[in-house]
1. Just name the residue that is modelled with the highest pLDDT out of those in region 311-354 that are of a type in the set (D, E) and over 14 Å from A250 (Cβ atoms).
2. Please state which of the following conditions S111 fails to meet, knowing it meets all the rest: (1) surrounded by fewer than 18 Cβ atoms within 10 Å (Cβ to Cβ); (2) small (G, A, S); (3) touching a residue at least 40 places away in the same chain (Cβ under 8 Å); (4) within 30 Å of V37 (Cα to Cα).
3. Out of (1) buried (at least 20 other Cβ atoms within 10 Å of the Cβ); (2) in a strand (DSSP E or B), what's the single condition that is false for V145?
4. Restricting attention to region 205-221, does a residue exist that is surrounded by fewer than 16 Cβ atoms within 10 Å (Cβ to Cβ), farther than 15 Å from I346 by Cα and modelled with pLDDT of 90 or more?
5. Report, by residue number, each residue of region 149-191 that is closer than 30 Å to I120 by Cβ, out of contact with any Phe, Trp or Tyr (no Cβ under 7 Å at 6 or more places or on another chain) and part of a loop (DSSP other than H, G, I, E, B).
6. Name the single residue that is modelled with the lowest pLDDT among those in region 259-286 being farther than 19 Å from Y311 by Cα and in contact with a Pro (Cβ under 9 Å, 6 or more places away or on another chain).
7. Quick one: L304 ticks every box in (1) out of contact with any Pro (no Cβ under 7 Å at 6 or more places or on another chain); (2) without any contact (Cβ under 8 Å) to a residue 60 or more places away in the chain; (3) surrounded by fewer than 18 Cβ atoms within 10 Å (Cβ to Cβ); (4) under 26 Å from S255 (Cβ atoms) bar one, so which box is it?
Amino acid sequence: MCALALPERGRSDKAAMAGLIYGINEIRRYAAHYARVKDIFRGFNDPDCRTNGGMAKPAVSRFVDYLYLFFVMGMQTSNYHLFRFDTMDRKRFKEYMDDPNAPLLRPKLWSTLWKKSTFILVHDKYLFHCLCEYHGLPCPRCYGVVRRNALPEAKAFLKDLMQKNGMETFVLKPVWGLMGKGIHFISLSDVDALERLIEHDDVDDEYSDYLVQERIRQHPELERMNPHSVNSIRIVTFLVPEGRVEFIAAMLRTSSSASPVDNFSAGGMVAGIDLDTGALKKEGVIKTPKIRVLTRHPVTGTELMGFRVPYWEEIKETAARGQKTFHYIKSIGWDFAVTPEGPVIIEANQEWGTAGLQAANGGLLTEKNRKLFARYGLKFYE
(Lines give C-alpha, C1' and ligand atoms only; values in the text may rest on other atoms or scores of the structure.)
Protein backbone atom coordinates (compact mmCIF):
# COMPACT_ATOMS: atom_id res chain seq x y z
CA MET A 1 0.00 0.00 0.00
CA CYS A 2 1.43 3.41 -0.82
CA ALA A 3 0.79 6.56 1.11
CA LEU A 4 0.06 9.89 -0.56
CA ALA A 5 2.26 12.83 0.49
CA LEU A 6 -0.13 15.69 1.11
CA PRO A 7 1.06 19.31 1.47
CA GLU A 8 1.02 20.81 4.92
CA ARG A 9 -2.30 22.55 5.31
CA GLY A 10 -0.91 25.34 7.48
CA ARG A 11 1.74 26.28 4.95
CA SER A 12 -0.68 26.32 2.01
CA ASP A 13 -3.20 28.38 4.00
CA LYS A 14 -0.52 30.97 4.81
CA ALA A 15 0.54 31.17 1.18
CA ALA A 16 -3.07 31.57 0.08
CA MET A 17 -3.66 34.32 2.65
CA ALA A 18 -0.48 36.12 1.59
CA GLY A 19 -1.57 35.92 -2.03
CA LEU A 20 -5.02 37.24 -1.15
CA ILE A 21 -3.59 40.20 0.79
CA TYR A 22 -1.20 40.99 -2.06
CA GLY A 23 -4.07 40.87 -4.56
CA ILE A 24 -6.25 43.16 -2.43
CA ASN A 25 -3.40 45.68 -2.06
CA GLU A 26 -2.78 45.65 -5.81
CA ILE A 27 -6.48 46.33 -6.45
CA ARG A 28 -6.39 49.19 -3.95
CA ARG A 29 -3.28 50.70 -5.60
CA TYR A 30 -4.77 50.63 -9.09
CA ALA A 31 -8.16 51.84 -7.85
CA ALA A 32 -6.46 54.84 -6.22
CA HIS A 33 -4.56 55.51 -9.43
CA TYR A 34 -7.57 55.36 -11.73
CA ALA A 35 -9.63 57.43 -9.29
CA ARG A 36 -7.42 60.33 -10.42
CA VAL A 37 -8.50 59.97 -14.04
CA LYS A 38 -10.74 63.02 -13.64
CA ASP A 39 -7.61 65.16 -13.22
CA ILE A 40 -5.68 63.66 -16.11
CA PHE A 41 -5.97 66.73 -18.37
CA ARG A 42 -5.62 69.39 -15.69
CA GLY A 43 -3.37 72.17 -17.02
CA PHE A 44 -3.57 70.82 -20.58
CA ASN A 45 -4.20 74.25 -22.11
CA ASP A 46 -3.36 76.47 -19.13
CA PRO A 47 -0.79 79.06 -20.30
CA ASP A 48 0.65 79.25 -16.76
CA CYS A 49 1.62 75.57 -17.02
CA ARG A 50 3.64 76.06 -20.19
CA THR A 51 7.38 76.60 -20.04
CA ASN A 52 7.90 80.35 -20.60
CA GLY A 53 4.39 80.42 -22.06
CA GLY A 54 5.32 78.31 -25.10
CA MET A 55 4.33 74.87 -26.37
CA ALA A 56 6.37 72.69 -28.73
CA LYS A 57 3.90 69.88 -29.54
CA PRO A 58 0.49 70.24 -31.18
CA ALA A 59 -2.61 69.49 -29.11
CA VAL A 60 -3.15 66.02 -30.62
CA SER A 61 0.38 64.87 -29.68
CA ARG A 62 -0.01 66.23 -26.16
CA PHE A 63 -3.36 64.47 -25.84
CA VAL A 64 -1.72 61.14 -26.74
CA ASP A 65 1.15 61.90 -24.34
CA TYR A 66 -1.26 62.36 -21.45
CA LEU A 67 -3.03 59.07 -22.20
CA TYR A 68 0.30 57.26 -22.57
CA LEU A 69 1.60 58.56 -19.24
CA PHE A 70 -1.51 57.71 -17.27
CA PHE A 71 -2.71 54.44 -18.83
CA VAL A 72 0.47 52.84 -20.22
CA MET A 73 3.14 54.03 -17.76
CA GLY A 74 0.82 54.42 -14.77
CA MET A 75 2.30 57.86 -14.09
CA GLN A 76 0.61 61.06 -12.95
CA THR A 77 0.33 63.81 -15.57
CA SER A 78 0.54 66.81 -13.23
CA ASN A 79 4.23 67.46 -14.01
CA TYR A 80 3.92 67.11 -17.80
CA HIS A 81 4.88 70.72 -18.48
CA LEU A 82 7.28 71.05 -15.55
CA PHE A 83 9.37 68.17 -16.92
CA ARG A 84 9.01 69.69 -20.42
CA PHE A 85 7.53 66.51 -21.88
CA ASP A 86 5.98 68.75 -24.54
CA THR A 87 9.51 69.20 -25.97
CA MET A 88 10.74 65.59 -25.98
CA ASP A 89 10.14 62.25 -27.63
CA ARG A 90 7.68 59.97 -25.81
CA LYS A 91 10.38 57.30 -25.36
CA ARG A 92 12.24 59.61 -22.97
CA PHE A 93 9.33 59.77 -20.52
CA LYS A 94 10.67 56.56 -18.97
CA GLU A 95 13.71 58.47 -17.71
CA TYR A 96 11.44 60.23 -15.21
CA MET A 97 10.26 59.02 -11.82
CA ASP A 98 6.73 59.65 -10.63
CA ASP A 99 5.93 61.56 -7.45
CA PRO A 100 6.64 59.41 -4.33
CA ASN A 101 3.02 59.94 -3.25
CA ALA A 102 1.61 58.52 -6.49
CA PRO A 103 -0.65 55.53 -5.71
CA LEU A 104 1.30 53.03 -7.85
CA LEU A 105 4.74 54.09 -6.58
CA ARG A 106 4.23 54.99 -2.93
CA PRO A 107 3.72 51.40 -1.60
CA LYS A 108 6.85 50.23 -3.43
CA LEU A 109 9.02 52.93 -1.89
CA TRP A 110 7.61 52.46 1.60
CA SER A 111 8.21 48.71 1.48
CA THR A 112 11.84 49.04 0.34
CA LEU A 113 13.62 52.35 1.00
CA TRP A 114 11.50 53.86 3.76
CA LYS A 115 9.67 52.65 6.85
CA LYS A 116 6.85 54.15 8.87
CA SER A 117 8.74 53.28 12.04
CA THR A 118 11.72 55.48 11.02
CA PHE A 119 9.72 58.44 9.70
CA ILE A 120 9.83 60.23 13.05
CA LEU A 121 13.65 60.20 13.12
CA VAL A 122 13.85 62.90 10.46
CA HIS A 123 10.33 64.35 10.41
CA ASP A 124 10.41 65.44 14.06
CA LYS A 125 12.81 68.35 13.63
CA TYR A 126 13.73 68.57 17.32
CA LEU A 127 14.47 64.85 17.60
CA PHE A 128 16.46 65.03 14.37
CA HIS A 129 18.46 68.00 15.70
CA CYS A 130 19.28 66.13 18.91
CA LEU A 131 20.40 63.05 16.97
CA CYS A 132 22.60 65.14 14.70
CA GLU A 133 24.25 66.84 17.68
CA TYR A 134 24.81 63.50 19.41
CA HIS A 135 26.48 62.02 16.32
CA GLY A 136 28.59 65.09 15.58
CA LEU A 137 26.75 66.15 12.42
CA PRO A 138 26.84 69.94 11.88
CA CYS A 139 23.48 71.67 12.33
CA PRO A 140 22.20 75.16 13.31
CA ARG A 141 22.25 75.98 17.01
CA CYS A 142 18.94 75.22 18.73
CA TYR A 143 17.88 77.31 21.73
CA GLY A 144 14.81 75.34 22.72
CA VAL A 145 11.23 74.45 21.90
CA VAL A 146 8.10 76.47 22.67
CA ARG A 147 4.48 75.34 22.60
CA ARG A 148 2.03 77.01 20.24
CA ASN A 149 -0.48 77.49 23.04
CA ALA A 150 2.22 78.74 25.44
CA LEU A 151 3.68 81.55 23.35
CA PRO A 152 2.56 84.34 25.73
CA GLU A 153 4.57 82.71 28.53
CA ALA A 154 7.56 82.22 26.17
CA LYS A 155 7.91 85.88 25.18
CA ALA A 156 10.04 86.84 28.18
CA PHE A 157 12.32 83.85 27.54
CA LEU A 158 12.70 84.77 23.85
CA LYS A 159 13.45 88.43 24.57
CA ASP A 160 16.02 87.48 27.19
CA LEU A 161 17.55 84.96 24.78
CA MET A 162 17.99 87.58 22.06
CA GLN A 163 19.45 90.19 24.37
CA LYS A 164 21.93 87.84 26.05
CA ASN A 165 23.15 86.43 22.73
CA GLY A 166 23.12 89.70 20.79
CA MET A 167 20.68 88.23 18.25
CA GLU A 168 18.94 90.47 15.74
CA THR A 169 16.65 87.65 14.56
CA PHE A 170 16.00 83.98 15.23
CA VAL A 171 14.15 81.28 13.32
CA LEU A 172 10.85 79.89 14.57
CA LYS A 173 9.58 76.80 12.72
CA PRO A 174 7.10 74.01 13.45
CA VAL A 175 8.67 70.81 14.73
CA TRP A 176 6.39 68.89 12.35
CA GLY A 177 6.35 71.39 9.48
CA LEU A 178 6.57 70.55 5.78
CA MET A 179 7.51 72.36 2.54
CA GLY A 180 8.72 75.53 4.25
CA LYS A 181 5.30 76.24 5.79
CA GLY A 182 5.14 78.02 9.12
CA ILE A 183 8.76 79.23 9.13
CA HIS A 184 9.21 82.71 10.60
CA PHE A 185 12.23 84.99 11.01
CA ILE A 186 11.57 86.81 14.27
CA SER A 187 13.12 90.12 15.29
CA LEU A 188 12.93 91.61 18.77
CA SER A 189 10.04 93.84 17.74
CA ASP A 190 8.14 90.78 16.44
CA VAL A 191 8.18 88.88 19.73
CA ASP A 192 5.18 90.72 21.19
CA ALA A 193 3.14 89.87 18.07
CA LEU A 194 3.96 86.16 17.86
CA GLU A 195 0.32 85.04 18.10
CA ARG A 196 -0.62 87.20 15.12
CA LEU A 197 2.37 85.99 13.10
CA ILE A 198 1.58 82.30 13.50
CA GLU A 199 -2.24 82.36 13.56
CA HIS A 200 -2.48 81.31 9.89
CA ASP A 201 0.19 78.59 10.04
CA ASP A 202 -0.85 75.24 8.61
CA VAL A 203 -0.53 73.50 11.98
CA ASP A 204 -3.47 71.38 13.15
CA ASP A 205 -2.69 70.78 16.79
CA GLU A 206 -2.89 73.70 19.21
CA TYR A 207 -0.22 71.94 21.26
CA SER A 208 2.22 71.80 18.33
CA ASP A 209 5.78 72.74 19.15
CA TYR A 210 7.97 75.36 17.50
CA LEU A 211 11.73 75.03 17.28
CA VAL A 212 13.81 78.11 18.16
CA GLN A 213 17.01 78.18 16.09
CA GLU A 214 19.76 80.60 15.20
CA ARG A 215 19.45 82.39 11.86
CA ILE A 216 22.20 81.09 9.61
CA ARG A 217 24.73 83.49 8.10
CA GLN A 218 25.33 82.08 4.64
CA HIS A 219 28.51 81.96 2.57
CA PRO A 220 29.23 85.17 0.55
CA GLU A 221 28.96 83.25 -2.75
CA LEU A 222 25.42 82.12 -1.91
CA GLU A 223 24.65 85.60 -0.61
CA ARG A 224 25.60 86.80 -4.10
CA MET A 225 22.97 84.46 -5.56
CA ASN A 226 20.16 85.91 -3.41
CA PRO A 227 20.68 87.76 -0.11
CA HIS A 228 16.99 87.57 0.83
CA SER A 229 16.90 83.80 1.50
CA VAL A 230 19.17 81.14 2.94
CA ASN A 231 19.88 79.42 -0.36
CA SER A 232 19.95 75.71 0.39
CA ILE A 233 21.27 72.58 -1.28
CA ARG A 234 19.17 69.42 -1.58
CA ILE A 235 21.26 66.28 -2.11
CA VAL A 236 19.81 62.77 -2.16
CA THR A 237 21.86 59.89 -0.76
CA PHE A 238 21.36 56.16 -1.26
CA LEU A 239 22.71 53.42 1.01
CA VAL A 240 23.52 50.25 -0.91
CA PRO A 241 23.26 46.92 0.98
CA GLU A 242 27.06 46.65 1.41
CA GLY A 243 27.07 49.96 3.35
CA ARG A 244 28.45 52.22 0.59
CA VAL A 245 26.74 55.58 0.01
CA GLU A 246 25.88 56.76 -3.50
CA PHE A 247 24.35 60.06 -4.63
CA ILE A 248 21.14 60.17 -6.69
CA ALA A 249 20.93 63.89 -7.55
CA ALA A 250 21.38 67.39 -6.14
CA MET A 251 19.98 70.87 -6.68
CA LEU A 252 20.35 74.44 -5.46
CA ARG A 253 17.19 76.01 -4.04
CA THR A 254 16.81 79.77 -3.81
CA SER A 255 13.98 82.23 -3.40
CA SER A 256 12.99 83.79 -6.71
CA SER A 257 11.96 87.03 -5.00
CA ALA A 258 12.64 88.99 -1.81
CA SER A 259 10.90 86.25 0.20
CA PRO A 260 13.07 84.35 2.72
CA VAL A 261 11.50 80.99 1.71
CA ASP A 262 13.37 78.99 -0.96
CA ASN A 263 10.94 76.05 -1.19
CA PHE A 264 10.10 75.07 -4.79
CA SER A 265 6.39 74.59 -4.10
CA ALA A 266 6.22 78.07 -2.54
CA GLY A 267 7.58 79.88 -5.60
CA GLY A 268 11.30 79.22 -5.16
CA MET A 269 13.74 78.46 -7.98
CA VAL A 270 15.78 75.27 -8.42
CA ALA A 271 18.88 74.54 -10.50
CA GLY A 272 20.63 71.19 -10.96
CA ILE A 273 24.09 70.59 -9.49
CA ASP A 274 26.78 68.47 -11.11
CA LEU A 275 27.53 65.78 -8.53
CA ASP A 276 31.23 65.66 -9.39
CA THR A 277 32.09 69.36 -9.47
CA GLY A 278 29.37 71.15 -7.49
CA ALA A 279 28.71 73.50 -10.44
CA LEU A 280 25.21 74.40 -11.62
CA LYS A 281 24.65 72.50 -14.85
CA LYS A 282 21.31 73.74 -16.21
CA GLU A 283 19.04 76.74 -16.18
CA GLY A 284 16.97 77.63 -13.16
CA VAL A 285 13.31 76.56 -13.04
CA ILE A 286 10.41 78.26 -11.26
CA LYS A 287 7.15 76.32 -10.84
CA THR A 288 4.67 78.83 -9.45
CA PRO A 289 2.73 80.98 -10.18
CA LYS A 290 3.79 79.99 -13.73
CA ILE A 291 6.54 77.76 -15.09
CA ARG A 292 9.62 79.72 -16.13
CA VAL A 293 13.11 78.67 -17.22
CA LEU A 294 15.83 81.23 -16.51
CA THR A 295 19.58 81.58 -17.11
CA ARG A 296 20.06 84.26 -14.43
CA HIS A 297 18.63 84.78 -10.97
CA PRO A 298 15.52 87.00 -11.32
CA VAL A 299 16.46 89.20 -8.33
CA THR A 300 20.26 89.61 -8.48
CA GLY A 301 20.96 88.75 -12.11
CA THR A 302 23.64 86.25 -11.05
CA GLU A 303 24.42 83.86 -13.92
CA LEU A 304 23.40 80.30 -13.03
CA MET A 305 25.32 78.10 -15.47
CA GLY A 306 28.71 77.27 -13.98
CA PHE A 307 28.04 78.84 -10.56
CA ARG A 308 29.93 76.68 -8.04
CA VAL A 309 28.51 75.69 -4.68
CA PRO A 310 31.16 76.37 -1.99
CA TYR A 311 32.35 73.50 0.23
CA TRP A 312 30.90 70.96 -2.22
CA GLU A 313 33.13 68.04 -1.20
CA GLU A 314 32.36 68.75 2.46
CA ILE A 315 28.63 68.71 1.69
CA LYS A 316 28.93 65.29 0.06
CA GLU A 317 31.10 63.93 2.88
CA THR A 318 28.65 65.17 5.54
CA ALA A 319 25.64 63.80 3.64
CA ALA A 320 27.34 60.40 3.29
CA ARG A 321 28.17 60.38 7.01
CA GLY A 322 24.57 61.31 7.82
CA GLN A 323 23.22 58.54 5.59
CA LYS A 324 25.37 55.98 7.42
CA THR A 325 24.23 57.38 10.76
CA PHE A 326 20.53 57.13 9.80
CA HIS A 327 21.09 53.77 8.10
CA TYR A 328 17.61 52.48 8.88
CA ILE A 329 16.41 54.81 6.10
CA LYS A 330 17.88 53.64 2.81
CA SER A 331 17.58 56.93 0.93
CA ILE A 332 17.46 60.45 2.37
CA GLY A 333 17.03 63.92 0.89
CA TRP A 334 19.37 66.27 2.83
CA ASP A 335 18.91 70.03 2.96
CA PHE A 336 22.12 71.97 3.60
CA ALA A 337 22.94 75.60 4.20
CA VAL A 338 26.51 76.75 3.63
CA THR A 339 28.10 79.18 6.07
CA PRO A 340 31.52 80.86 5.71
CA GLU A 341 32.85 78.07 7.96
CA GLY A 342 31.28 75.16 6.07
CA PRO A 343 28.01 73.25 5.52
CA VAL A 344 25.30 72.69 8.14
CA ILE A 345 22.34 70.33 7.92
CA ILE A 346 19.03 72.19 8.00
CA GLU A 347 16.87 69.06 7.85
CA ALA A 348 16.50 65.65 6.27
CA ASN A 349 13.60 64.14 4.35
CA GLN A 350 12.67 60.49 4.23
CA GLU A 351 10.03 61.01 1.54
CA TRP A 352 12.05 63.30 -0.72
CA GLY A 353 10.14 64.73 -3.66
CA THR A 354 11.02 64.22 -7.31
CA ALA A 355 9.43 67.29 -8.96
CA GLY A 356 12.13 69.86 -8.19
CA LEU A 357 15.02 67.43 -8.64
CA GLN A 358 13.85 66.37 -12.10
CA ALA A 359 12.86 69.86 -13.21
CA ALA A 360 16.41 70.89 -12.32
CA ASN A 361 18.38 67.84 -13.50
CA GLY A 362 16.27 65.89 -15.96
CA GLY A 363 15.01 62.36 -15.28
CA LEU A 364 16.30 60.54 -12.19
CA LEU A 365 16.00 57.10 -13.78
CA THR A 366 19.47 57.04 -15.30
CA GLU A 367 21.15 53.70 -15.90
CA LYS A 368 23.21 54.16 -12.72
CA ASN A 369 20.21 55.06 -10.56
CA ARG A 370 18.10 52.20 -11.95
CA LYS A 371 20.82 49.77 -10.87
CA LEU A 372 20.86 51.32 -7.38
CA PHE A 373 17.08 51.08 -7.00
CA ALA A 374 17.18 47.48 -8.26
CA ARG A 375 19.40 46.55 -5.30
CA TYR A 376 16.24 46.78 -3.17
CA GLY A 377 13.99 45.17 -5.76
CA LEU A 378 12.67 48.47 -7.13
CA LYS A 379 12.02 48.27 -10.85
CA PHE A 380 10.53 50.92 -13.07
CA TYR A 381 9.00 50.99 -16.54
CA GLU A 382 11.44 49.65 -19.14
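The values are calculated or read from the model by the stated rules, or taken from the named source; none is laboratory data. If you're wondering where the values come from, they're calculated on a predicted model, not measured in any experiment. Quick reminder, even Gly has a Cβ in these numbers, built from the backbone with ideal geometry, and neighbours come from all protein chains shown.
1. Of everything passing the filter in region 311-354, E341 is modelled with the highest pLDDT.
2. (3)
3. (1)
4. So far as region 205-221 goes, yes, one or more of its residues are surrounded by fewer than 16 Cβ atoms within 10 Å (Cβ to Cβ), farther than 15 Å from I346 by Cα and modelled with pLDDT of 90 or more.
5. Residues satisfying the conditions are M167, W176, G177, L178, M179, G180, K181, G182, I183.
6. G267
7. (3)
Here is a yes/no grid of residues against (1) aromatic (F, W, Y); (2) over 18 Å from G182 (Cβ atoms); (3) under 20 Å from the mean Cα position of the chain (by Cα); (4) in the same structural domain as P174 (by TED's automatic domain parsing):
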site: I120; (1), (2), (3), (4): no, yes, yes, no
site: Y126; (1), (2), (3), (4): yes, no, yes, no
site: V146; (1), (2), (3), (4): no, no, no, yes
site: L151; (1), (2), (3), (4): no, no, no, yes
site: F157; (1), (2), (3), (4): yes, yes, no, yes
site: D160; (1), (2), (3), (4): no, yes, no, yes
